[in-house]
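The values are calculated or read from the model by the stated rules, or taken from the named source; none is laboratory data. Small disclaimer: the values here were computed from a predicted structure and weren't measured. Methodologically, a virtual Cβ is constructed for each residue, glycine included, from the backbone with ideal geometry; neighbour enumeration extends over all protein chains shown. Ligands, DNA and RNA are excluded from the accessible area calculation, which covers all protein heavy atoms including side chains. Shrake-Rupley method; radii C 1.70, N 1.55, O 1.52, S 1.80 Å.
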Amino acid sequence: MKRPFLMFLILFVLSFSFSPSASFSKSIYEDLEDDEDYIKLLEESNLTGFIIEEEINLNKIDLQLEKLEQDIEKLSTLNGQEQDIYEHLKDIDFHEIIEEEVEILEEQLVIKRDLLDSIEESYDENSELTIDDLEFPSISDKYDTTELLDVEVSVYVVDLDSESESEEFDVYELSDYVEEIDQTESSTALFFDKLFGVQKAHASNKGLGVFTVVHSSFVGNPNTKKADFVQAVKVTKESGNLRPKHYTVTFNNRIKTSKTGNWTNNKKTYSSVKKNREVTNISRVSSTRFRQATVNVKGHYKGGETKTVSKSNTTYLYNKKGVRYPSYKDPISKKVMTIPSSAVWPEVPKPDRTKRQGRSKYTKWYDSTYKPLIWREYEVHHIKPLAYGGSNDKRNLIPLKRSYHRSVVTPWWNAY
């Protein structure tokens with residue numbers, strides 16, 4: 001996979017100035033309160049203002065790699081098959097395996113930070129903000145620009161002595177294995193007994209197999225009418241008494257129209273996948289949807305195959321141009337700009353919309369409740385826009401920097 005980089009297109013500028021009125025629609029607050037997990041995550045985080053997902057992802061990767069190193073070190077202190085697993089893994093540089101993807105995320109983080117700084121410093125309400133002229137290497141000739149969403153490396157351990165009627169070998173993640181060891185007095189025998197409910201004869205002739213999988217997802221041509229949602233998987237390392245002949249990889253780019261709705265599946269299966277062959281699943285983004293990437297991997301050995309291992313990434317809302325809904329937490333009030341609960345809110349005819357009013361009532365309430373802002377630098381944003389049934393109640397309002405509102409949040413809704 002060639003190195004993808006962020007294309008974060010800033011579209012046209014549109015101004016909003018609001019304040020609350022006494023009008024109140026209960027349904028909107030039911031919508032806004034749906035995403036309790038998201039709100040809790042942001043409220044508990046130290047991040048405020050424009051929250052850059054790359055920063056969160058890089059922190060997650062650091063924690064994951066640190067945990068992998070701890071798990072491997074734990075195995076070095078044990079005997080039996082744990083020592084075999086340690087020998088398989090001790091020389092693998094997991095940082096190197098995803099070095100390219102980490103560099104991409106770091107580059108995207110720098111670009112987004114620089115972009116936000118430039119918006120704040122040089123914003124001109126009569127100009128159209130864009131970084132179209134910046135040149136980024138593309139992932140392939142298929143895409144002019146890409147945005148890497150997430151990446152994860154997983155280590156799987158296969159018990160090639162598993163006995164089952166279906167001839168499926170037991171497989172589990174390294175972290176699960178080490179965690180189970182910590183909870184047992186003796187290691188391997190009790191572990192297999194407890195986890196699989198069968199007694200193992202560990203002096204058998206097959207032993208263990210180990211393979212490492214890198215999962216990633218990205219948007220190709222983001223912020224265009226030709227955006228694609230893409231998953232990629234590659235097996236990068238193999239070791240053990242037996243090596244897989246090949247793998248079966250099944251992708252599923254799942255979509256739904258609401259947070260609580262049912263998923264629609266978009267599956268694609270590759271058979272006979274060899275080590276270091278990257279396989280992908282591509283779905284054209286044509287409408288606003290909640291999206292989640294899942295992948296199933298099965299290893300095929302001589303004499304049998306592994307049980308299926310699955311991975312899923314975080315569910316996010318993307319508009320019809322493949323742009324993820326912006327994450328924002330007000331630095332003063334700590335209020336979160338909630339993710340819409342639906343991807344298909346109908347547009348309310350203009351004569352039937354709640355009328356926009358002056359913002360003085362809201363600004364006075366905000367200043368007296370929290371602390372005064374320099375309001376010439378801010379606009380008041382409807383979390384659920386009036387065009388889609390939102391109201392002027394203060395629970396539906398949040399202050400945003402004028403430049404951020406016009407160049408990031410409004411363009412997202414323009415492609416809703």
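Structure data summary
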| quantity | calculated |
| --- | --- |
| Check on residue 318, touching a strand residue (DSSP E or B) at 6+ places or on another chain (Cβ under 6 Å) and either surrounded by fewer than 21 Cβ atoms within 10 Å (Cβ to Cβ) or under 30 Å from residue 233 (Cα atoms) (or both) | yes |
| Pick from segment 157-172, criterion at pLDDT 80 or above and among the charged types (D, E, K, R), ranking: nearest to residue 207 (Cα to Cα) | 159 |
| Test result for residue 354, within 30 Å of residue 405 (Cα to Cα) and of a type in the set (S, T, N, Q) | yes |
| Count - residues of segment 331-352 that are farther than 23 Å from residue 257 by Cα and either open to solvent by 90 Å² or more (accessible area, probe 1.4 Å) or modelled with pLDDT of 95 or more (or both) | 4 |
| Inter-residue pairs, beta-carbon under 8 Å, first in a loop (DSSP other than H, G, I, E, B) and open to solvent by less than 10 Å² (accessible area, probe 1.4 Å) and in segment 142-162, second among the aromatic types (Phe, Trp, Tyr) and modelled with pLDDT of 85 or more, 6+ apart | 160/169; 160/301 |
| Only one of 406, 402 that is open to solvent by less than 20 Å² (accessible area, probe 1.4 Å), out of contact with any Gly (no Cβ under 7 Å at 6 or more places or on another chain) and charged (D, E, K, R) | 406 |
| Matching strands (runs of 3 or more DSSP E) fully within segment 301-397 where at least 3 residues are touching a residue at least 40 places away in the same chain (Cβ under 8 Å) | 304-306, 327-329, 378-382 |
